[in-house]
Amino acid sequence: MLDYKTASKDQLKAEMKRLAAVVSDTSFGTKKEFFHLPQILGTNEIPLAIASGSMDGNTWLITLTNQRVIFLDKGMFYGVKQVDVNLENIVSVGGKTGLVLGEITISTTGQNYTIKNVPKYAVVPFTNLVNETRNLYASSQQASSVQQANNSSSFDNVMDKIERLAEMKEEGILTEEEFQQQKQRILNP
């Protein structure tokens, strides 16, 4: 897997082509935005696909990662405009196609982001991929929450058993040796 932070310009060019091909996009006019991407990617963040289009009269790069959708516009002379939408905040993704071009709309609870002039053939694959990635992300977060809850209840269960053993030892029902043996059985099933 490519390390974006240390990649050469040629490696980044090849990666840009690969990511655009995922959704059949040409990523026209967004090379400077893509070269800016390594500066903003987080740890363990992996770009999955890119597309390009226009928003607010400028050409933007849309990057789908395993954690968010990043909208980037690097001006010719000054500054970078960046909008991040975390996957967990996306409530819907939609697309609309015309004769040659289309648009992609990503909606959160309070905001819609619409990228226009996206190549028609990239709209459906990109929106489908955002939805799939969002659903996978939600599933992994849910599984992580369940695992944490299981670990917590399992830990509580073990502590309850050891506390009961300690009470039995204090009451003289168990010897110190029996207490230690039973405790080891609980801790190392």
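Is region 135-154 home to any residue that is modelled with pLDDT under 90, open to solvent by less than 70 Å² (accessible area, probe 1.4 Å), in contact with an Asp or Glu (Cβ under 8 Å, 6 or more places away or on another chain) and not small (Gly, Ala, Ser)? There is at least one residue in region 135-154 that is modelled with pLDDT under 90, open to solvent by less than 70 Å² (accessible area, probe 1.4 Å), in contact with an Asp or Glu (Cβ under 8 Å, 6 or more places away or on another chain) and not small (Gly, Ala, Ser). Entry remark, region 61-80: residues being open to solvent by 10 Å² or more (accessible area, probe 1.4 Å) and in contact (Cβ under 8 Å) with a residue 24 or more places away in the chain number 5 in total.
Quick check on GLY53: is it touching a Ser or Thr at 6+ places or on another chain (Cβ under 6 Å), within 20 Å of TYR121 (Cβ to Cβ) and open to solvent by less than 80 Å² (accessible area, probe 1.4 Å)?
Numbers: touching a Ser or Thr at 6+ places or on another chain (Cβ under 6 Å): no; within 20 Å of TYR121 (Cβ to Cβ): yes; open to solvent by less than 80 Å² (accessible area, probe 1.4 Å): yes.
Judged against the criteria, GLY53 is not a match.
Of all residues in region 8-34, which are part of a loop (DSSP other than H, G, I, E, B) and modelled with pLDDT of 90 or more? So that I can check it myself, show each step before the final result.
Just the residues of region 8-34 that are part of a loop (DSSP other than H, G, I, E, B), to begin with: 8, 23-30.
Of everything in region 8-34, just one residue is part of a loop (DSSP other than H, G, I, E, B) and modelled with pLDDT of 90 or more, namely SER8.
Can you find a residue in region 104-119 that is touching a Leu at 6+ places or on another chain (Cβ under 6 Å) and either surrounded by 12 or more Cβ atoms within 10 Å (Cβ to Cβ) or modelled with pLDDT of 90 or more (or both)? Checked region 104-119: at least one residue is touching a Leu at 6+ places or on another chain (Cβ under 6 Å) and either surrounded by 12 or more Cβ atoms within 10 Å (Cβ to Cβ) or modelled with pLDDT of 90 or more (or both).
Go through region 170-189 and give me each residue that's without any contact (Cβ under 8 Å) to a residue 24 or more places away in the chain, open to solvent by less than 70 Å² (accessible area, probe 1.4 Å) and within 47 Å of the chain's Cα centre (by Cα). Selection gives GLN180, GLN182, LYS183. Is it the case that THR30 is of a type in the set (Ser, Thr, Tyr) and either open to solvent by 60 Å² or more (accessible area, probe 1.4 Å) or within 17 Å of TYR113 (Cα to Cα) (or both)? When the stated conditions are applied, THR30 does not pass them. With respect to the conditions (1) open to solvent by 40 Å² or more (accessible area, probe 1.4 Å); (2) in a loop (DSSP other than H, G, I, E, B), GLU45 lacks only one, and its number is (1). Criterion applied to LEU37, LEU72 was being over 20 Å from LYS116 (Cα atoms) and modelled with pLDDT of 90 or more, and the one residue passing it is LEU37.
The values are calculated or read from the model by the stated rules, or taken from the named source; none is laboratory data. Note that the coordinates shown come from a computational prediction; the quantities given were computed from them, not determined experimentally. Because the Cβ atoms are built from the backbone with ideal geometry, glycine has one as well, and the counts that use them run over all protein chains shown. These area figures cover heavy atoms from the full protein model, side chains too; ligands, DNA and RNA do not enter into them. Shrake-Rupley method; radii C 1.70, N 1.55, O 1.52, S 1.80 Å.
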